[in-house]
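Step one of this worksheet: look at the structure below.
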Amino acid sequence: MTRSPIAILVPLAFMAGLYFAVFSPVSQFLPALLKGLTVTVSVAVPSILFTYVISIAAGLGRLSTVLPLRWLSAVYIEVFRGVSLLVILFWLYFVLPEFGLTLSAYTAAFLGISLNAGAYGAEIVRGAVQAVPRGQFEACVTLNLTLWHKYGRIILPQALVIAVPAMTNMTIELLKGTALVSAVTLVDLTAAGVRQNQLTYQTVEIFSALALVYFCLAQVIRVSGTQLEQVFNRHLGAQ
Amino acid sequence: MDWRWDFTFDTVMPRILPGLWVTIEVTFLSFALSLFLGLFLMIAKRSKIRALSLIAGEFIEFMRGMPLLVVIFFLFFMLPEVDIFLAPFWTGVLAMGIYNAAPAAEIMRGGLQAVPKGQWEAAHVLNYSTFRTWRHIILPQAIGPVVPGLGNLLILAFKETPLLSFVAVPEMLDAAKRITSETYRFTEPLTVVGILFLILSLGSALLIRLVERHMLREYHHAK
């Protein structure tokens, strides 16, 4: 689907402006929501970056010929995909101190979200690497390329092009996952919205604002994913 | 670390297992609702009326960017304001049903699109009725590719149920939270919940893989 980012963002910005103009009591809760938004973004951005690193590492580990590495990645992927994010967050924040490792709320949120999303990402990377034509792997063997060259220069660039659309979806899921960090006492956008709702009872306005902001954030991710896809196709894609 | 087995078996298990039952109930009820709503969304999106398909498409896009927690809280706080009073359990079912309707619609649409165009044309040429076309030509071919996608969605829905503990639906995590607030012991309840989730989602993933393989085999036999 090709939709120009401006075509989406301009009407949205207009709608948002109109909305704030019509509902003046918005000024009561808006500052708190914006504060929540900064928490959401400050959790989401580092998590996204770390998730990509984990995804590639665990995805390649899953395909490694070294047996322990493969098992380790498989166990990691199955465990963190099998348990729901909220349980992971609770576990990291409340149970790990029992094992002598106390994490701050922010670290627990960051680790929980990126480990959970990384497990999904690893499966995407694995699928993408497997989708690279076999001839490419054989050519690497024939040319006697080192492991670094083989993956860094030949396989991964092609695999990442394939992985971008699925990774974009995964990133949006990650963004939605940040709504759960209130479980570990962080006051993110959603938590701020719920608090303001209890203070001001402007349920419709607050939750419409939340939905609008999350929608805009998701659109930013989606649009940058499409842009990245185009850049990759232009510079790295074989076809 | 001190892990107490007697606490695990005497206090934690008897209270979490009823929660497990609630979790499973919510999962299946909300999934049924998702399929139902998703079917309508899909039909609307495929509709020839441009406005309808545009609205359905935008709704799907919108729902995909919205966190489930926001949907849950929205319904939880909004429904009483319009004089609809539901138990948290049914609010949760409703929220998860609506939330998962969009991906369900997309999966079903993908399955329909995977049916080659020639099949439609052949049915048309053979003068099949609309009902016969769907019943005997399109649906049997569309269901195969849809099963793994919907199965994964079911597992995702299962893993999303702990979010309902935010509005006090008495599912597994809620039971665990109650135990922790009464006894100040976090290790056993939370670990038990985690392990139960792991076992169940891995088990159901295996089950879906078996069903998928079975269906593929039947499909190849039919060929």
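The values are calculated or read from the model by the stated rules, or taken from the named source; none is laboratory data. Keep in mind that this is a model prediction, so the values were computed, not measured. Positions of Cβ are backbone-derived with ideal geometry, glycine not excepted, and every protein chain shown enters the neighbour counts.
Quick notes
- Residue among B:Met96, B:Met42, B:Met66 that alone is in contact with a helix residue (DSSP H, G or I) (Cβ under 7 Å, 6 or more places away or on another chain), within 25 Å of A:Tyr214 (Cβ to Cβ) and not in a helix (DSSP H, G or I): B:Met66
- Some residue of segment B:48-66 being free of Cβ contacts under 8 Å to residues at least 40 places away in the same chain and more than 25 Å from A:Arg222 (Cα to Cα): yes
- Test: residue in segment A:100-115 that is more than 30 Å from A:Thr65 (Cα to Cα), at pLDDT below 90 and not β-branched (Val, Ile, Thr): yes
- Residue count for segment B:175-187 satisfying the condition of being away from chain A (no Cβ under 11 Å) and of a type in the set (D, E, K, R): 2.
- The one condition in (1) aliphatic (A, V, I, L, M); (2) surrounded by fewer than 18 Cβ atoms within 10 Å (Cβ to Cβ); (3) assigned to a loop (DSSP other than H, G, I, E, B) that B:Leu139 fails to fulfil: (3)
- Residue within segment B:178-191 that is more than 30 Å from B:Val71 (Cα to Cα), part of a helix (DSSP H, G or I) and charged (D, E, K, R) present: yes
- Leading residue by the ranking (surrounded by the most Cβ atoms within 10 Å (Cβ to Cβ)) among those in segment B:1-15 that are part of a helix (DSSP H, G or I) and in contact (Cβ under 8 Å) with a residue 60 or more places away in the chain: B:Val12
- Evaluating A:Ala139 against the criteria (1) part of a helix (DSSP H, G or I); (2) under 28 Å from B:Leu69 (Cβ atoms) leaves one unmet condition, (2).
- Taken over segment B:193-210, the criterion of being crowded, with 22+ Cβ neighbours inside 10 Å and more than 17 Å from the chain's Cα centre (by Cα) is satisfied by B:Val193, B:Gly194.
- B:Arg132 being in a helix (DSSP H, G or I), out of contact with any strand residue (DSSP E or B) (no Cβ under 8 Å at 6 or more places or on another chain), more than 14 Å from chain A (Cβ to nearest Cβ) and not acidic (Asp, Glu): yes
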